[in-house]
Amino acid sequence: MRLSTSFIRQWWSRLLRWFDRLFARGSILQAVSLISLVLVFVVLLTCLSYFLFRQQASFGQHLRKIVYLFIYPDSFGEVKKQPQGLWFYTFTLVSGTVIVGGLLISVLTNMLQNRVRRVRGGYVAYRHMSDHILVIGYDEIVPHLVARICAQHPGRDVLVQSVVPAQQVRNAVFAATPDGDEKHIFIYIGRRDSRDDLSRLRPWKAREIFVIGDRHSDDHDALNMECIRILSKLLMQPENRPKHRIPMNVLFEDRATTIAFQTTDVAREIQRYLNLYPLNFYENWSRRALAGELIGTHSLVQLDRGDDSERNGLDGPPGIVRGSERRAQLVVVGMSRMGITLGIQAAHIMHYPNFRPGNGLASKVTFIDLNADTEMRRFMCLHQPFFDVQDTYYTDLTESGDHRRQTIAARRFTGEDANFVGVHFEFVKGDIYSDAVRGLLSDLASDTNLSLTVAICLNHSRQNASAAMSLPQNLYDTERRIPILVQQRTSGAIFDTLAADQDNRFCNVFPFGMLECGYDLDHNLERMAMQMYNTYRQAQINQLGQLSESIEQLWNEGSILRKWSSIHAVTYFPTKLRSLGLQKTGKPISLTPENRADACEIEHRRWCAERLLLGVSRQTEGEPKAPFRHRCLAPYDQVKQLPQPHNEEGVGQYELNDLATLQAIPMMLEVINSTRSQTAKNSKQV
């Protein structure tokens, strides 16, 4: 008896598990199971009818009644009058009621509800989607990014995948996009480090890919790198290989990861199918604030505000030109990720022709933070090659500090081999509300020969807003109009409203760093960098007449370090034009001998700052050649004396390299003009 009971329980448990697996799966499997069950019963009823009524002449009529009774139970009243086979009619009625009246309706209802639930939950994948744009991962910047994509590519499908509940993502994205774009936005649930989840996105059919991730997670950059690896393997499969290289924008959060990607060539096998664009939210905003005209917007500030706002007919104030006694300084309050990135971007830009080693006109980036001593050590370790050749300054303005500025000498080089870049970093330990720090800011604002810019980059928007409106009074001078950047998280409406009144003391306070960062979705910066790189290659003496590849092919075959060098050179060129007194026209650049010399020297110093900040060290005489070492990271006069090929006119290769950045300017201006036209067109459509 016990054996029989145990056997029944086991089989009953197996039946329940089979039923749960069957009806917990997709709607198609449920429908197939129901149809199979109906067919089994129809066959069973047909066989029973044959054995019961095969002797009757009206067998076909009885069979039709049984099938009709199985489907429509109300017909039982017509057949119950026949005593023969009453139990059979009753069995048919009960089975039909259970299967057709119960299971069929339940399954159909469940199929519909399950479909709706799966769609809302992000579990439904559309297998024939193509030419769509993928956004992988969810972060607070994603809704604004999707809105920008929809405005840039009207009518194109956008697919967002993340591990965040789909309804939460849908609500946030739909709130940021116009109603007409919602029908083109699809939300998937899935992990960016799962091969199965990523294959559901059909990345090999995508037009463009954005790997965003969750910037607040500790392993954000590692997971994004894993996502790149999986996507590249999917695209390497013979049946998935795309006809064209797919642009893939990858967001990195940490400065160290961004530098690694800007200096390291990713496996060539990956580059065969993907165009990788490392993105950094803070770097993008820093470039937008200091060189926004390159991506179709306006720069919030000019670090090189000159002496005469009317001279040379330039758009806006002219730059710091040759012979000027002015110098530029950016003061960053708060060594947050945004603050550090903004300071580094400024160090790429603050190079002017009036600087000579030792003349006191070097540009300066000053960081003010309560933990400036700790952050300084971390910063100097990350950018060690820069501090091998440049002095650094440190001041402790806390109550227990000595308040005297200390000079930290360059680590490896001294004398003429040091301090030739023209930009110094300074670290001040102190509180923005302390008398000592406020006194420092007031003294800087009183210096009429200083082009001062202040940026408030603490970790919270309310702190930033409060600090920006509590600075020393002479920073709000409406005559001098010292620019004050204030980082905000979601909206800069407060400061935009105040800036509308030009007589308001806060009219020169500009919000930046908001989530709706305008990414360069058309890659205009890269298009200009392509022109720059092509001009640079054409300037190579040993390759004259040998470059038959297209501009795009040359770019794709170049190293990642040279690509980013071209991008940084493009970012600097508006400042270069102002500092040389040249206008932004599409005509060829005509240089005087003085301008030619200035152009070469400031380009060399800019290149030195860029390479040193990217981790390239100076190669001294006698040292063997090695990766991330370069012998030209030296004062310009020394570089001109290095052995190098010369052209027929006797111009050295290194001078030709520096002049190439000017020859590419007309082509870059064409890209800027087309960008402005496209931006205006998109604005009208929106």
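Read the figures in this text as sums done on the coordinates, not as results from a lab. What you see is a predicted model; the values in this text were computed from it and never measured. Cβ coordinates were reconstructed from backbone atoms using ideal geometry, including for glycine residues, and neighbour counts include every protein chain displayed.
What the table shows:
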quantity: Stokes-Einstein D (µm²/s) once Rh is taken as the Kirkwood radius of region 316-439 over alpha-carbon pairs, at 4 °C in 1.567 mPa s; calculated: 85 µm²/s
quantity: Pairwise FRET efficiency - residue 597 versus residue 449, Cβ, R0 = 25 Å, nearest 0.05; calculated: 0.55
quantity: Net charge over other residues, Cβ less than 15 angstrom from the Cβ of residue 226 (K, R count +1; D, E count -1); calculated: -3
quantity: Whether region 524-672 is rounded, prolate or oblate, judged on the alpha carbon gyration tensor where a/c under 1.5 counts as rounded; calculated: rounded
quantity: Theoretical FRET efficiency, 1/(1+(r/R0)^6), r = Cβ-Cβ of residue 399 and residue 13, R0 56 Å, to 0.05; calculated: 0.15
quantity: Whole-Å semi-axes of region 329-393's equivalent ellipsoid (Cα gyration tensor); calculated: 21, 14, 11
quantity: Tensor-based shape of region 396-532 (alpha-carbon gyration tensor, a/c under 1.5 rounded, otherwise prolate or oblate); calculated: oblate
quantity: Peptides 118-125, 140-147, 362-369 ordered by average Cβ neighbours within 10 Å, highest first; calculated: 362-369, 140-147, 118-125
quantity: Charge tally in the Cβ shell below 10 Å around residue 192, where Lys, Arg are +1 and Asp, Glu are -1, residue 192 excluded; calculated: -3
quantity: Cα-Cα over 28 Å, subset of 364/640; 243/576; 364/576; 576/625; calculated: 243/576; 576/625
quantity: Residue order, fewest to most surrounding Cβ atoms within 10 angstrom, among 335, 236; calculated: 236, 335
quantity: Summed side-chain charge close to residue 657 - residues other than residue 657 whose Cβ falls under 14 Å, Lys, Arg +1, Asp, Glu -1; calculated: +3
